[in-house]
Amino acid sequence: MTTTELAGQALTQERRLVTAIPGPLSQELQARKESAVARGVGTTLPVYVVAAGGGVLADVDGNQLIDFGSGIAVTTVGNSAPAVVDAVTQQVAAFTHTCFMVTPYEGYLRVAEQLNRLTPGDHDKRTVLFNSGAEAVENAVKIARAHTRRQAVVVFDHAYHGRTNLTMAMTAKNQPYKHGFGPFAGEVYRVPASYPLRDGDVDGAAAAARAIDLIDKQVGADNVAAVVIEPIHGEGGFIVPAPGFLRALQNWCTESGAVFVADEVQTGFARTGAMFACEHDGVVPDLIVTAKGIAGGLPLSAVTGRAEIMDAPHAGGLGGTYGGNPLACAAALAVIDTIERDGLVARAAQIGDTMLGRLNTLAATDPRIGDIRGRGAMIAVELVKPGTTEPDADLTKRIAAAAHAQGLVVLTCGTYGNVLRFLPPLSMPDHLLAEGLDILDAVFREIA
Ligand SMILES: Cc1ncc(COP(=O)(O)O)c(C=O)c1O
């Protein structure tokens, strides 16, 4: 069967393994990848996909895998979600590009209006659209610097903000993101995060005081343009900060005149059982950065925030050829509509409850599970040497590989490489969610 014929088949919502994973055709393609694509671009699981939707990915060999990754938190509303397909199909037939900075179009305005409506806070807001998460983070920093006329950017241990030069500087982990790629952008200062598993008695307020003390002593409050933080650290290990941590940082920013920026690239758009993760902490960021789940797989990102901050850069100071591309805007409008119409915020919370219930049962008899955490459909398991908090990256790799072999796509993350993370699409039917959790259960029991 050709790739096109396979893609055209309606996908049954079932796991189906007809070859080893990866199968022979995927292996052939992977060999071509090795001779055609730069080796710096890794692949977690080299099965080559021809179709995806609901809760499954179909590969060239005729296998169907259960998707607990959503292309790293992107296909939140489902892969090729019907409303997204319709909207993009109509848009592609109308026009594909004009460049919003040259001859604009309404789709961009509608996305901006929706983001202004949906993001936390009822203050006057403005939005600007870009392509990738990293590009949006960079622009949030530009905007904060233009507004404050200050330069310093405060970031956190375990942070991940992207792979461009400034966002590499803002990202904590050296391997694989930064190693050999310096020198990095200046005026970026890192302070400790809140990491409840590893923080002992330090609660949210104390963790914030620890960070703020460092900012005051080593950077100086008057120099800080922006404090940029993920409300739940994503690549750093799905670390949910202790209650009060984010709120204390926001308060400090307000008192100091610094811009509080929430990087919701991974956590945004219903993923965590709220439209945006900072809502769980009652925090209203000055600027919020979004991408990934915003457009169902089309490249789009945004910075949204207080009008007086957003309007600080001069006309022409923000933009880019493709930012807010009409296809991506059409997709985003369909995504937002789908989230609201189908009650996907509540669905994410429900998926989270199911996952936490099953994983907590597993943890009760498995001392290698040091922590289970996350919110909504963004759940992680941190693996340690029993009786300690010493990370077990090797076990994490083995469990992920065993899950892959059983046709379950899971991802790993974490500063110490010892976190399994689960990000199912919210279109995942219950029976596949349960089957995926059964596979994890079996894999944990099999791997000694
Ligand atoms: C929190 C966060 N910020 C920024 C980024 C960078 O986004 P992109 O890969 O679209 O540049 C990511 C990507 O994983 C992310 O998780």
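Among the candidates Val111, Val88, which residue alone is more than 16 Å from the ligand (Cβ to nearest atom), part of a helix (DSSP H, G or I) and within 18 Å of Ala270 (Cβ to Cβ)?
Working: Val88 fails: within 18 Å of Ala270 (Cβ to Cβ).
Selected residue: Val111, the only one of Val111, Val88 that is more than 16 Å from the ligand (Cβ to nearest atom), part of a helix (DSSP H, G or I) and within 18 Å of Ala270 (Cβ to Cβ).
Take region 37-73 and flag every residue that is closer than 28 Å to Glu340 by Cα and surrounded by fewer than 23 Cβ atoms within 10 Å (Cβ to Cβ).
Ala51, Gly53, Gly54, Ala58, Gly69, Gly71, Ile72 - these are the residues of region 37-73 that are closer than 28 Å to Glu340 by Cα and surrounded by fewer than 23 Cβ atoms within 10 Å (Cβ to Cβ).
Checking the condition over 30 Å from Pro104 (Cβ atoms), open to solvent by 20 Å² or more (accessible area, probe 1.4 Å), of a type outside the set (Phe, Trp, Tyr) and in contact (Cβ under 8 Å) with a residue 40 or more places away in the chain, which residue from Thr361, Thr388, Thr354 passes?
So the residue among Thr361, Thr388, Thr354 that is over 30 Å from Pro104 (Cβ atoms), open to solvent by 20 Å² or more (accessible area, probe 1.4 Å), of a type outside the set (Phe, Trp, Tyr) and in contact (Cβ under 8 Å) with a residue 40 or more places away in the chain is Thr354.
Take Arg126 and decide whether it is charged (D, E, K, R) and either within 22 Å of the chain's Cα centre (by Cα) or within 16 Å of the ligand (Cβ to nearest atom) (or both).
When the stated conditions are applied, Arg126 does not pass them.
What tally of residues in region 129-165 results from selecting those that are open to solvent by less than 20 Å² (accessible area, probe 1.4 Å), part of a helix (DSSP H, G or I) and either among the aliphatic types (A, V, I, L, M) or more than 13 Å from the ligand (Cβ to nearest atom) (or both)? Spell out how you get there, then give the answer.
Residues of region 129-165 that are open to solvent by less than 20 Å² (accessible area, probe 1.4 Å), as a first pass: 129-130, 133-134, 136-137, 139-141, 143-144, 152-156, 159, 161-162.
Right, trim to part of a helix (DSSP H, G or I) and you get 133-134, 136-137, 139-141, 143-144.
Still in the list and also either among the aliphatic types (A, V, I, L, M) or more than 13 Å from the ligand (Cβ to nearest atom) (or both): 134, 136-137, 140-141, 143-144.
Qualifying residue count, region 129-165: 7.
Given the residues Asp213, Asp222, Asp263, which is the only one that is without any contact (Cβ under 8 Å) to a residue 60 or more places away in the chain and among the acidic types (Asp, Glu)?
Testing whether each residue is without any contact (Cβ under 8 Å) to a residue 60 or more places away in the chain and among the acidic types (Asp, Glu) leaves just Asp213.
Any idea which of Gly133, Gly121, Gly107 is assigned by the TED database to the domain that holds Ala315 and more than 24 Å from Gly343 (Cα to Cα)? Working first, answer last.
Numbers: Gly121 fails: more than 24 Å from Gly343 (Cα to Cα); Gly107 fails: more than 24 Å from Gly343 (Cα to Cα).
One residue alone meets the criteria, Gly133.
Tell me which residues, restricted to region 328-346, are open to solvent by less than 40 Å² (accessible area, probe 1.4 Å) and either acidic (Asp, Glu) or farther than 22 Å from Val137 by Cβ (or both).
Once the filter is applied, which keeps residues that are open to solvent by less than 40 Å² (accessible area, probe 1.4 Å) and either acidic (Asp, Glu) or farther than 22 Å from Val137 by Cβ (or both), region 328-346 yields Ala330, Leu333, Ala334, Thr338, Ile339, Gly343, Leu344.
Considering Ala364, Ala346, Ala331, which residue is more than 27 Å from Ala270 (Cβ to Cβ), of a type in the set (A, V, I, L, M) and out of contact with any Asp or Glu (no Cβ under 8 Å at 6 or more places or on another chain)?
Answer to the check: Ala364.
Closer than 30 Å to Leu11 by Cβ, within 19 Å of the chain's Cα centre (by Cα) and of a type outside the set (Asp, Glu) - does that describe any residue in region 432-445?
no
May I ask you to list the residues in region 207-246 that are β-branched (Val, Ile, Thr) and either away from the ligand (no atom under 16 Å from the Cβ) or open to solvent by less than 10 Å² (accessible area, probe 1.4 Å) (or both)?
Ile212, Ile215, Val219, Val224, Val227, Val228, Ile229, Ile232, Ile239
Just to be sure I understand, how many residues within region 247-281 are in a helix (DSSP H, G or I), within 16 Å of the ligand (Cβ to nearest atom) and of a type in the set (Ser, Thr, Tyr)?
Residues that pass the stated criteria total 0.
Exactly one condition in (1) of a type in the set (Asp, Glu); (2) in contact with a Pro (Cβ under 8 Å, 6 or more places away or on another chain); (3) more than 16 Å from Leu197 (Cα to Cα) is false for Glu382; which is it?
(3)
Among the residues of region 56-80, what is the count of those that are within 18 Å of the chain's Cα centre (by Cα) and part of a loop (DSSP other than H, G, I, E, B)?
The number of residues fulfilling the criteria is 8.
Return only the number of the condition from (1) of a type outside the set (Ser, Thr, Tyr); (2) open to solvent by 10 Å² or more (accessible area, probe 1.4 Å); (3) away from the ligand (no atom under 16 Å from the Cβ) that Asn325 does not satisfy.
(3)
Can you find, within region 166-201, the residue that is farthest from the ligand (Cβ to nearest atom) among those that are among the acidic types (Asp, Glu) and surrounded by fewer than 18 Cβ atoms within 10 Å (Cβ to Cβ)?
Asp201
When Thr290 is evaluated against the numbered criteria (1) open to solvent by 30 Å² or more (accessible area, probe 1.4 Å); (2) in contact with a strand residue (DSSP E or B) (Cβ under 8 Å, 6 or more places away or on another chain); (3) within 16 Å of the ligand (Cβ to nearest atom), which criterion, by number, is the only one it fails?
Here Thr290 clears every test but (1).
Do the conditions hold for Val92, that is, is it assigned by the TED database to the domain that holds Arg163, more than 26 Å from the chain's Cα centre (by Cα), at negative phi and touching a residue at least 40 places away in the same chain (Cβ under 8 Å)? Give the steps one after another, and end with the answer.
Values: assigned by the TED database to the domain that holds Arg163: yes; more than 26 Å from the chain's Cα centre (by Cα): yes; at negative phi: yes; touching a residue at least 40 places away in the same chain (Cβ under 8 Å): yes.
Judged against the criteria, Val92 is a match.
Here are the criteria: (1) within 17 Å of Phe260 (Cα to Cα); (2) within 21 Å of the chain's Cα centre (by Cα); (3) in a helix (DSSP H, G or I). Tell me which single one Met168 does not satisfy.
Going through the list (1) within 17 Å of Phe260 (Cα to Cα); (2) within 21 Å of the chain's Cα centre (by Cα); (3) in a helix (DSSP H, G or I), Met168 breaks only (1).
If I filter region 114-123 down to residues being of a type outside the set (Ser, Thr, Tyr) and more than 21 Å from Val88 (Cβ to Cβ), which single residue comes out as farthest from the ligand (Cβ to nearest atom)? Show your work before the answer.
Taking region 114-123 as the starting set, the residues that turn out to be of a type outside the set (Ser, Thr, Tyr) are 114-118, 120-123.
Cutting the leftovers down to more than 21 Å from Val88 (Cβ to Cβ) gives us 116-117, 120-123.
Values: Asn116: 21, Arg117: 22, Pro120: 17, Gly121: 20, Asp122: 25, His123: 24 Å.
Out of the qualifying residues, it is Asp122.
The values are calculated or read from the model by the stated rules, or taken from the named source; none is laboratory data. What you see is a predicted model, and the numbers here were worked out from it, not measured in a lab. We place every Cβ from the backbone using ideal geometry, glycine too, and count neighbours over all the protein chains shown. Note: areas computed on protein heavy atoms with side chains; ligands, DNA, RNA excluded. Shrake-Rupley method; radii C 1.70, N 1.55, O 1.52, S 1.80 Å.
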